[in-house]
Amino acid sequence: MTLSHTATGFGLALGIVGVASLTAFPADVVILKDGFVIQGNVRKETDTIFDKTSGQVFTIVKSTGLDFIDEGPKITIFSSHSRQLGGVSADTKIRPDMRGFTTKFLGSDNKPIPSMGETIKATEYNEKWVRELTVKVPGAGPSVIRQQITYMDPYQIRVVSTTHRWTIGYRTSEWDPKLVRKLLMAHPDIAEPDGKCDPLKRLTLAKFFLDAGWLQFAKDEVERLRRDHPQELPQEAKEQFDKLLKEIDLKTGELVANEAEMALAAGRYHYTAELLQAFPEKTAGTNEIARIAKVTAELQANRERYDAARRLLRKIIDQATGQHVVNARVALGGGLARATWQPPANVSPELLNLAGAAEQVLHELHPDSAIRLEMFVTLAAQVEREQMYNKEPSKKAEELLATAISGWAKGKNGATPDPEKAWKIWLARELILAHQRADNATDRAAILRQYKNSVGLPAEELARLISLLPPAWAEDGETMTGTRIALAGQPLAEIYRRVTPTIPGHPGGLSYLVKLPPEYHHGRAYPVLIVLTHAGIKPEDILVPVITQSDKHGYIVVVPEWTGAFGQGWEWRGEDHVWVTATLRDTVRHFTVDNDKVFLLGVGEGANMAMDVGASHPDLFAGVMAMGPVPKWGGMFIQYWKNAQLLPFFVVTGEFNGEGSKTVRSIYEKWTRYGFPSLWSVYRGRGIEWFAAEIPVFFDWMSRKTRANPVATLKLDNRNRQSWQMIRETDNHFYWLQADDMRYGTQGGAIVPAEMIGDIRGNNMIDIQHRGVRQFTIWLAPGMVDWSKPIGVRLNGAVPRGYKPQLLEPSVEVLLEDYSARGDRRMLFLNKIVVGS
């Protein structure tokens, strides 16, 4: 998926990209603080200085130099502040030594690479690993560029032009394994010129596939060797053959163990069970056997907990309401008995209410959330044993149902057998959901009055309920609304086009695509990946490359259909952020989203959009990934780089990323200096394109990220302290601090942003430093202040006019209205303070 290519060299912005590593395996391992691993040769950017006196040239570390690690096809820039201290543990997964293959370079010219348009023609690579590209050159005739693969190992492939100054780095996994086999079979070290099967060469080929992660191709090569060489192998070949078979067995066990761990973590219980059945225990390694045993134990424990909860709850509901008699009649005579069923006269309305709530619990129950019914299961199992021995039950049916619904609503520590208390908890839950579903302030106010009159639980308890709520308009794979669309190459993928409700400026709503993970169930929360496509690439086409990994890791994938509303690209306007924010809000209404695990991924213009939206609303996301961005510096990231201090970015570009490389470098000079948790990978000789090999890397990176939720401070430490920057009215909310009325200025034609930063001192004093902000809303989160003491506020060191330290209480109104607006179950606020400067 190549987007564009320009000959503007990245070396202008980052000279280190030209330093190439030809080693077949990395020399260094960098482990970041979150456990993310990078392998290669660690270096520091340097300058050369010519001493006129001595005539000597010296190399020194560049004052603004970046730390980077050369991985071969790419370099990765990182902040040394984010690096773990100490050595590499035995559990760290690193790439093994790999055999590489080289060809004699056939270069004959050294012309500069032209500015290229589209490729007109590309020949196949020949037996010397050479091909020709015919490309359009704007303002000139077609140009022929000859390319040669000069190096190939299971991790990387290097392609060098024999006619131009152009070297390209690829991950081997980006290439078609069939093409790689064809090329290797033509290499002198593996070729069979007489047409006879050479077992040692075939084994080398199979080993290459195994190290490249192409397990099935390695197995196929082994079977091809058996077929083409039916006689007994020579001793050396036999030893290597046996060793390779053992490695394949170990790798197979490792693959199944990896898949099983990911499947269980993603809530895919059926698939996990299938993987456990397929695990090759007899040939797997001891480490993988232990990993599978752990997965098996967790799966069994969760399943048993879930099955026990379902069975006991179903039994209590049926016995309490008389439905167990109906169930027996249905088994004998069909559904008429259930259709005509009426509850017995001695069943109270209160008991029927509890039973109805318990039915809803059964509908929402999932193995990952069954722990919330732990107290119910304990009590119900005790009653079951007592009934077995004709003893008086220690708990009545209504007490058991009360324990179930209260535990489900508040978590296992909030369970109570008191029917009255439990029903109040459940009613509060239902009123919160009704409040979420109400689409106008009048209806929400009526629901709030009903809540105060009939429930009256304190705001802190409501916050706990909210954290465990299902979506207001819950949907799943069987009840999906919207229009199903076909996806090329994925005929079974269930992709739906949906439209948000009306929002300001978009009376018809905004359309987006959504893909749910396999075995989705709204009884557990799921991470979300919002994918932003490039102008000219269909949203459904951008889904195809991510589905395999998103399904493995259990992500809801959302693709806003934004490009049709724009010309050629992203326009850097704050009012257009709704394509992400409104789409996310609508996703939360219908699916169970883990708001602490929402990520942005963009390519090309979509990468610009991702960087803009992420830096403008960092409190919404756990991370931003951008492929080939060309960020806006003046009037944007020259100020907004500071807004990423708590939001990790992972940018991937090609060496030929045009002017974007200069801007990205300027941003990363700031981010790495101040220890921001961000990475930047640069592929040699590549342009703005889809870097397919980075998708598994992104998902590994995301698995280690959780959204920052700073309760006590909106700064890092004193060294890294940065103020939050605002140049648009839409970009005014940072975690618990909001600017309601702000004005940015200008100086010498440059924008001077409004800015603010907040901290909470130990004496319940909220200290805000700012510029250009006239009014603030300070959102008070659980655990943020001491509610028993007056709360003070200082703006730029002074008490705001008309404000006195005051005692505040958690407010149900503030909690519910904010939750209605944002739908964020993980970042809740119990009250707010509005002050002016």
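The values are calculated or read from the model by the stated rules, or taken from the named source; none is laboratory data. Only a predicted model underlies this, so the values are computations on that prediction, with no experimental measurement involved. Methodologically, a virtual Cβ is constructed for each residue, glycine included, from the backbone with ideal geometry; neighbour enumeration extends over all protein chains shown. Keep in mind that these areas ignore ligands, DNA and RNA; they rest on the heavy atoms of the full protein, side chains included. Shrake-Rupley method; radii C 1.70, N 1.55, O 1.52, S 1.80 Å.
Figures for the structure shown
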{"read-out": "Every residue from segment 80-105 that is modelled with pLDDT of 80 or more, out of contact with any Asp or Glu (no Cβ under 7 Å at 6 or more places or on another chain) and among the polar types (S, T, N, Q)", "value": "S82, Q84, T102, T103"}
{"read-out": "Test: residue in segment 161-168 that is within 23 Å of E223 (Cα to Cα), out of contact with any helix residue (DSSP H, G or I) (no Cβ under 7 Å at 6 or more places or on another chain), open to solvent by 10 Å² or more (accessible area, probe 1.4 Å) and not charged (D, E, K, R)", "value": "no"}
{"read-out": "Residue match in segment 602-618 (condition: more than 20 Å from I727 (Cβ to Cβ), surrounded by fewer than 24 Cβ atoms within 10 Å (Cβ to Cβ), touching a residue at least 12 places away in the same chain (Cβ under 8 Å) and not acidic (D, E))", "value": "no"}
{"read-out": "Residue among Y155, Y151 that is within 15 Å of T103 (Cα to Cα) and either small (G, A, S) or in contact (Cβ under 8 Å) with a residue 12 or more places away in the chain (or both)", "value": "Y151"}
{"read-out": "Verdict on V130 being touching a residue at least 12 places away in the same chain (Cβ under 8 Å) and within 20 Å of G685 (Cα to Cα)", "value": "yes"}
{"read-out": "Residue that is least open to solvent (accessible area, probe 1.4 Å), among those in segment 791-800 that are out of contact with any Ser or Thr (no Cβ under 8 Å at 6 or more places or on another chain) and assigned to a loop (DSSP other than H, G, I, E, B)", "value": "G797"}
{"read-out": "Output for segment 92-109, where each listed residue is open to solvent by less than 100 Å² (accessible area, probe 1.4 Å) and charged (D, E, K, R)", "value": "R95, D109"}
{"read-out": "The one condition in (1) at pLDDT 85 or above; (2) farther than 30 Å from A27 by Cα; (3) surrounded by 14 or more Cβ atoms within 10 Å (Cβ to Cβ) that P114 fails to fulfil", "value": "(1)"}
{"read-out": "Residue check, Y512 closer than 30 Å to E575 by Cβ and hydroxyl-bearing (S, T, Y)", "value": "yes"}
{"read-out": "Subset of segment 693-721 that is at pLDDT 95 or above and aliphatic (A, V, I, L, M) - its residue that is surrounded by the most Cβ atoms within 10 Å (Cβ to Cβ)", "value": "M702"}
{"read-out": "Subset of segment 117-133 that is outside any strand (DSSP E or B) and open to solvent by less than 70 Å² (accessible area, probe 1.4 Å) - its residue that is nearest to R158 (Cα to Cα)", "value": "W129"}
{"read-out": "Condition broken by A337, with the remaining ones in (1) modelled with pLDDT under 95; (2) not in a helix (DSSP H, G or I) satisfied", "value": "(2)"}
{"read-out": "Failed item in (1) free of Cβ contacts under 8 Å to residues at least 40 places away in the same chain; (2) open to solvent by less than 10 Å² (accessible area, probe 1.4 Å); (3) part of a loop (DSSP other than H, G, I, E, B); (4) of a type outside the set (D, E, K, R), with S788 passing the rest", "value": "(2)"}
{"read-out": "In segment 763-782, residue farthest from S467 (Cα to Cα) [restricted to those that are in contact with a Gly (Cβ under 9 Å, 6 or more places away or on another chain) and open to solvent by less than 10 Å² (accessible area, probe 1.4 Å)]", "value": "I768"}
{"read-out": "Yes/no for A463 being outside any loop (DSSP other than H, G, I, E, B) and surrounded by fewer than 18 Cβ atoms within 10 Å (Cβ to Cβ)", "value": "no"}
{"read-out": "Residue within segment 558-576 that is in contact with a Ser or Thr (Cβ under 6 Å, 6 or more places away or on another chain), closer than 21 Å to A821 by Cβ, part of a strand (DSSP E or B) and of a type outside the set (K, R) present", "value": "yes"}
{"read-out": "Hey, A284 touching a helix residue (DSSP H, G or I) at 6+ places or on another chain (Cβ under 9 Å), more than 30 Å from A380 (Cα to Cα) and either touching a residue at least 12 places away in the same chain (Cβ under 8 Å) or outside any loop (DSSP other than H, G, I, E, B) (or both) or not", "value": "yes"}
{"read-out": "Residue pairs meeting the criteria (Cβ under 7 Å; at least 6 apart or on separate chains; first without any contact (Cβ under 8 Å) to a residue 40 or more places away in the chain, in segment 386-413; second of a type in the set (F, W, Y) and open to solvent by less than 10 Å² (accessible area, probe 1.4 Å))", "value": "T403/F376; G407/F376"}
{"read-out": "Qualifying residue in segment 440-451 (condition: buried (at least 17 other Cβ atoms within 10 Å of the Cβ) and free of Cβ contacts under 8 Å to residues at least 60 places away in the same chain)", "value": "yes"}
{"read-out": "Test: residue in segment 557-579 that is farther than 26 Å from F691 by Cα, open to solvent by less than 20 Å² (accessible area, probe 1.4 Å) and within 16 Å of the chain's Cα centre (by Cα)", "value": "no"}
{"read-out": "Tally, over segment 213-239, of residues that are touching a Ser or Thr at 6+ places or on another chain (Cβ under 9 Å) and either closer than 23 Å to T286 by Cβ or open to solvent by less than 20 Å² (accessible area, probe 1.4 Å) (or both)", "value": "3"}
{"read-out": "Residues of segment 369-418 classified as hydroxyl-bearing (S, T, Y) and open to solvent by less than 30 Å² (accessible area, probe 1.4 Å), total", "value": "4"}
{"read-out": "Residues of segment 636-691 that turn out to be outside any loop (DSSP other than H, G, I, E, B), modelled with pLDDT under 95, open to solvent by less than 10 Å² (accessible area, probe 1.4 Å) and of a type outside the set (A, V, I, L, M, F, W, C), as a count", "value": "2"}
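For (1) part of a loop (DSSP other than H, G, I, E, B); (2) not hydrophobic (A, V, I, L, M, F, W, C), each residue gets a yes or a no:
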residue: P154; (1), (2): yes, yes
residue: V159; (1), (2): no, no
residue: Y170; (1), (2): no, yes
residue: S173; (1), (2): no, yes
residue: K178; (1), (2): no, yes
residue: L184; (1), (2): no, no
residue: I190; (1), (2): yes, no
residue: P193; (1), (2): yes, yes
residue: C197; (1), (2): yes, no
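This table checks each residue for (1) aliphatic (A, V, I, L, M); (2) under 20 Å from S820 (Cβ atoms); (3) within 14 Å of the chain's Cα centre (by Cα).
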{"site": "D586", "(1), (2), (3)": "no, yes, no"}
{"site": "V598", "(1), (2), (3)": "yes, yes, yes"}
{"site": "G604", "(1), (2), (3)": "no, no, no"}
{"site": "A615", "(1), (2), (3)": "yes, no, no"}
